[in-house]
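Everything on this sheet refers to the single structure shown next.
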Amino acid sequence: MTRRMRMIIPTGMIMTTNSSLYRLLAWLSPSFPVGAFSYSHGLEYAVEAGLVTCRDDLVRWISTLLHYGSGLNDAMLFVAAWRAMAARDKAALGEIIELSAAMRPTSEMALETQAQGAAFARAIRGAWPHSDIDGMLPPGAALSYPVIVAICAAAHGIGLRDALEAYLHAFAANLISAGVRLIPLGQTGGQNALRLLETDVTATADMAENLPLSEIGGATLMLDYCSAQHETQYTRLFRS
């Protein structure tokens, strides 16, 4: 099998090849120019308020987001967007883009996902273009980060499960990186946190693949509170 060959396995799912893996590693790397390092997703205020003070607190915080909050919501939107793009269903994709924009409870969380989404789209157009992508997007749409990553993955023939787990890994890793700087944690502590979240990432991917989009919603009110408080936090390192 060559680097660029795609193989269809019996279930009809797309198997990730070396070429697909290469794209996922590039697109979801900390070096990909989306500015993820400048956002803490409300964690900066949580640390200042004493809600997250150590590695175990950080793991619990991120695990909760993955199971009940923005992590699961974004994963469900990712799955829906990937499937709509794979089916070339432009109407469904437009509805998912609108829903994703509506699922942001604070201005900073909206800024975070839309700024990263716009930056991701620019980088893809400049370095990894695909003719199907722009034709499927509503003109002037504000693209959230998980939705545009899913659209690009589907357009490039990258399997849903691999792309989804890579996205969730990046979600967790970015919050851990913020925690390493804010709490602070050592680099080994950060890697241990990432290891401890492996099963949570897998479980969230399982839920996102099986839950209907009608059940999207969150139960992480403390995240919403911390994000809103961060908007007026006196001293800030992060944009959210």
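The values are calculated or read from the model by the stated rules, or taken from the named source; none is laboratory data. Keep in mind that what you see is a predicted model, and the values were worked out from it rather than measured. Glycine gets a Cβ as well: all are built from the backbone with ideal geometry, and neighbour counts include every protein chain shown.
Miscellaneous remarks
- Residue selected from the range 119-132 under the condition in contact with a helix residue (DSSP H, G or I) (Cβ under 8 Å, 6 or more places away or on another chain) and either free of Cβ contacts under 8 Å to residues at least 40 places away in the same chain or polar (S, T, N, Q) (or both), by the criterion surrounded by the most Cβ atoms within 10 Å (Cβ to Cβ): A121
- Residue match in the range 103-115 (condition: in a helix (DSSP H, G or I), in contact (Cβ under 8 Å) with a residue 60 or more places away in the chain, of a type in the set (S, T, N, Q) and in contact with a Phe, Trp or Tyr (Cβ under 6 Å, 6 or more places away or on another chain)): no
- Scan of the range 37-75 for residues that are part of a loop (DSSP other than H, G, I, E, B) and closer than 12 Å to R236 by Cα, ordered by number: Y39, S40, G42
- Enumeration of residues in the range 81-92 that are surrounded by fewer than 24 Cβ atoms within 10 Å (Cβ to Cβ) and touching a residue at least 12 places away in the same chain (Cβ under 8 Å): R83, A84, A86, R88, K90, A92
- Checked against the criteria, T188 does not count as under 22 Å from W82 (Cβ atoms), among the hydroxyl-bearing types (S, T, Y), out of contact with any Pro (no Cβ under 6 Å at 6 or more places or on another chain) and modelled with pLDDT of 95 or more.
- For the range 122-142, a tally of residues being aliphatic (A, V, I, L, M) and modelled with pLDDT of 95 or more returns 3.
- Where helices (runs of 4 or more DSSP H) sit wholly within the range 123-234, those with at least 1 residues that are aliphatic (A, V, I, L, M), within 19 Å of R60 (Cα to Cα) and within 17 Å of the chain's Cα centre (by Cα) occupy 160-182, 187-196, 198-210, 221-230.
- Matching residues, the range 23-36, being surrounded by fewer than 22 Cβ atoms within 10 Å (Cβ to Cβ) and either in a helix (DSSP H, G or I) or touching a Cys at 6+ places or on another chain (Cβ under 9 Å) (or both): R23, L25, A26
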